[in-house]
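The values are calculated or read from the model by the stated rules, or taken from the named source; none is laboratory data. Because the structure is predicted, anything quoted here is derived from the model rather than measured. Cβ placement follows ideal geometry from the backbone for every residue including glycine, while neighbour counts extend to all protein chains displayed.
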Amino acid sequence: MPVRIKVKNAETGASVEMELETENTIDEVIESAATFWSKDMGAYVLRKGKKVLRGGHTLKDAGVREEDVLELIPDPEGG
Amino acid sequence: MVRTVRVGSADDDRYDRSKRLGWFDLDRVSGARVLLVGAGALGNEVAKDLALSGFRKVTIVDMDHVVGSNLSRCLFFSQADAAKRRAKAEAVAEGMLRLNRDCRPEPIVGRVEEMPPELIRRFDIVLGCLDSIDARLYVNALAYPARKVYIDGGMEGMVGKVMVSKPPDGACLQCGMNRTHGKIASLRFSCTGKDVVFHEPRLAAEITTTSVVSAVMVREALKVVSGHPEMLLDNAFYYDGQRNVSEELEIDLDPGCPLHAGRS
């Protein structure tokens, strides 16, 4: 079942609309968005509000619904 | 019983201001055995906060040596250290002693992955200031089953994160990771040192971000050892200095995570 969501780029404020299937995974959304914005190689997570979404979850598992706004944030790994 | 108070005595007590927090327990803090993994930019700041806060028994593990470009953000490193290519763990241990003569820092020069796994049992709490996902996962895999609180800090430029893993409950570090972490797990996100992947334009450590992240890490460590787990961060603290955002993020325990097999 198709679902249309918006993904926001936390680093630039830009956003992109994505048309997905509820069986698409969060990992796939992260990688698609990171590729779309030509992100540097690195770790990223997708959040819905305060909750960090699990990579292996489908959109359905993660409770992502039509018109939800998710945010792609870098997961900093430097020390 | 009559208690005698001398005028100005509060100013003679090194820890008077910390004691005013109410929940701060100096006996527990000074007796806690701390494992500090990583003595780079973040490790320097964490070590400083540990020493000033009253922690004494701190073991510092790091495999690298000091280089000139460390000096813009590492309190305990000097030009002389860089010239001598001194081990970071040793320079940090010496710096902690300069700040607080009561400290008993123990430097270990080497990779944490080469330490005997049972080493973790010697400690009450683990603070991670690492620059690779593999090293983080190694420490996480030792700390969680051993029921040691693991406070992990990470930074990239103006963005920082602190995650507190509190076994036996709640998410561990690995629970918050996804496929993007897996793809870069073996890389080092550092500006200097051996096997470094990112030099330019990546900015692994920026001193103001480092200060924020280290402060949160040590504050959480103080809560743990003072016996106030109810005050701890639930999951992760996220900071973005460019957007002036700081907030707590929720990371659920992942029953598919190898450290939580069979749990839901």
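Only residues that are in contact (Cβ under 8 Å) with a residue 12 or more places away in the chain and either within 15 Å of A:LYS8 (Cα to Cα) or facing chain B (nearest Cβ under 10 Å) (or both) were counted across the range A:21-38, and they come to 10. Every condition in (1) modelled with pLDDT under 95; (2) under 28 Å from B:VAL149 (Cα atoms) is met by B:PHE55 except one, and the failing one is (1). Got at least one residue in the range A:41-60 being buried (at least 21 other Cβ atoms within 10 Å of the Cβ) and more than 13 Å from chain B (Cβ to nearest Cβ)? Checking the range A:41-60: at least one residue is buried (at least 21 other Cβ atoms within 10 Å of the Cβ) and more than 13 Å from chain B (Cβ to nearest Cβ). For the residues B:SER211, B:SER165, the requirement of being over 29 Å from A:VAL29 (Cβ atoms) and modelled with pLDDT of 95 or more singles out B:SER211.
Flag: A:VAL7 does not match the condition of being aliphatic (A, V, I, L, M), surrounded by fewer than 19 Cβ atoms within 10 Å (Cβ to Cβ) and either at pLDDT 95 or above or within 17 Å of B:TYR238 (Cα to Cα) (or both). Here is a check on your reading of the model: is A:ILE30 at pLDDT 95 or above, of a type outside the set (D, E, K, R) and part of a helix (DSSP H, G or I)? Judged against the criteria, A:ILE30 is a match.
Among residues of the range B:1-32 being surrounded by 16 or more Cβ atoms within 10 Å (Cβ to Cβ) and not aliphatic (A, V, I, L, M), the one that is modelled with the lowest pLDDT is B:SER18. Of all residues in the range B:229-248, count the ones that are at the interface with another protein chain (Cβ under 10 Å from one of its Cβ atoms), without any contact (Cβ under 8 Å) to a residue 40 or more places away in the chain and assigned to a strand (DSSP E or B). So the answer is 3. When the criteria are applied in full, B:ALA32 fails the requirement of being touching a helix residue (DSSP H, G or I) at 6+ places or on another chain (Cβ under 7 Å) and within 14 Å of chain A (Cβ to nearest Cβ).
Among the residues of the range B:1-13, the ones that are in contact with a helix residue (DSSP H, G or I) (Cβ under 9 Å, 6 or more places away or on another chain) and either touching a residue at least 24 places away in the same chain (Cβ under 8 Å) or among the small types (Gly, Ala, Ser) (or both) come to 2 in all. Selection of the range B:167-187 for residues being assigned to a helix (DSSP H, G or I) and hydrophobic (A, V, I, L, M, F, W, C) yields B:LEU173, B:CYS175. B:GLU200 - would you say it is of a type outside the set (Phe, Trp, Tyr), surrounded by fewer than 21 Cβ atoms within 10 Å (Cβ to Cβ) and either at pLDDT 95 or above or in a helix (DSSP H, G or I) (or both)? The answer is no for B:GLU200.
So that you can scan it fast, the table gives a plain yes or no per residue for (1) surrounded by 14 or more Cβ atoms within 10 Å (Cβ to Cβ); (2) within 16 Å of the chain's Cα centre (by Cα):
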| site | (1), (2) |
| --- | --- |
| B:HIS65 | yes, no |
| B:LEU71 | yes, no |
| B:LYS88 | yes, yes |
| B:ALA91 | yes, no |
| B:ARG101 | no, no |
| B:PRO105 | yes, yes |
| B:VAL112 | yes, yes |
| B:MET115 | yes, no |
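Please pick out the residue among A:GLY42, A:GLY13, A:GLY55 that is assigned to a loop (DSSP other than H, G, I, E, B), touching a Pro at 6+ places or on another chain (Cβ under 8 Å) and of a type outside the set (S, T, N, Q). None of the other options fit; the residue is A:GLY42. Restricting attention to the range B:125-159 and to residues that are within 12 Å of chain A (Cβ to nearest Cβ) and farther than 16 Å from B:ARG188 by Cα, the residue that is modelled with the highest pLDDT turns out to be B:LEU127.
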